[in-house]
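What follows is a structure written as structure tokens; I'll ask about it next.
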Amino acid sequence: MTSVEFSSQLVRHQPVLLKYAYSFNLTRDDAKDLVQDTFVKALLNRDKYVDNEKLKSWVLAIMRNTFVDNYRRNSIQRKISDHTKESVLISTVATAASDNPESVLSTLEIMHNVEKLQDKLRMPFKMYMEGFKYSEISEKLNLKIGTVKSRIFLSRRYLMNVLK
């Protein structure tokens with residue numbers, strides 16, 4: 001299937017995708033964003049699509065996985081910015097620590113050393129620090145889960161040695 005045929009078939013499924021996005025109880029704008037994210041991922045991963053008869057199922061699976069990934073990421077952010085007494089206390093402490101010049105310098109030094117990591121170590125480590133699970137990193141970078149764990153371990157070990 002050519003890329004033009006693939007794109008036209010993908011666009012033909014847009015109404016079904018939009019309806020499926022609404023089934024996640026999303027607002028109109030969020031549903032459209034999810035459809036757009038799904039199209040982008042489908043187009044970027046076109047080479048992984050094999051079975052010409054099940055494009056609709058394949059794209060719906062991409063949408064579901066995208067929604068779940070976004071939901072997990074958002075729920076992690078909500079936990080951090082929750083408005084309970086404990087979170088307010090944590091936020092206050094974090095803000096006070098970030099105002100400390102030594103903390104700012106430490107953070108800059110850490111980030112500078114993370115950027116010095118080899119590409120193959122830096123990407124899994126950054127994704128892990130952003131809240132991705134090992135399995136998600138493995139899937140997104142097309143690596144075995146053991147390789148992901150090893151690279152994150154090596155990144156930590158490097159940073160601990162450099163930042164002594």
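Given the conditions (1) modelled with pLDDT under 85; (2) acidic (Asp, Glu); (3) loosely packed, with under 10 Cβ neighbours inside 10 Å, which single one is not true for Glu130?
Going through (1) modelled with pLDDT under 85; (2) acidic (Asp, Glu); (3) loosely packed, with under 10 Cβ neighbours inside 10 Å one by one, Glu130 breaks only (3).
Here are Arg46, Arg28, Arg73: which of them is modelled with pLDDT under 90, under 17 Å from the mean Cα position of the chain (by Cα) and of a type in the set (Lys, Arg)?
On the way: Arg46 fails: under 17 Å from the mean Cα position of the chain (by Cα); Arg28 fails: under 17 Å from the mean Cα position of the chain (by Cα).
The conditions single out Arg73.
Yes or no, residue by residue, for (1) at pLDDT 80 or above; (2) surrounded by fewer than 13 Cβ atoms within 10 Å (Cβ to Cβ); (3) not assigned by TED's automatic domain parsing to the domain that holds Thr38; (4) not in a helix (DSSP H, G or I):
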residue: Val68; (1), (2), (3), (4): yes, yes, no, no
residue: Leu105; (1), (2), (3), (4): no, yes, yes, no
residue: Leu108; (1), (2), (3), (4): no, yes, yes, no
residue: Met123; (1), (2), (3), (4): yes, no, yes, no
residue: Glu136; (1), (2), (3), (4): yes, no, yes, no
residue: Lys140; (1), (2), (3), (4): yes, no, yes, no
residue: Leu143; (1), (2), (3), (4): yes, no, yes, yes
residue: Gly146; (1), (2), (3), (4): yes, yes, yes, no
residue: Ile152; (1), (2), (3), (4): yes, no, yes, no
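The values are calculated or read from the model by the stated rules, or taken from the named source; none is laboratory data. Note that this is a predicted model, so its numbers are computed, not measured. Note that each Cβ is placed from the backbone with ideal geometry, even for glycine, and that neighbours are counted across all protein chains shown.
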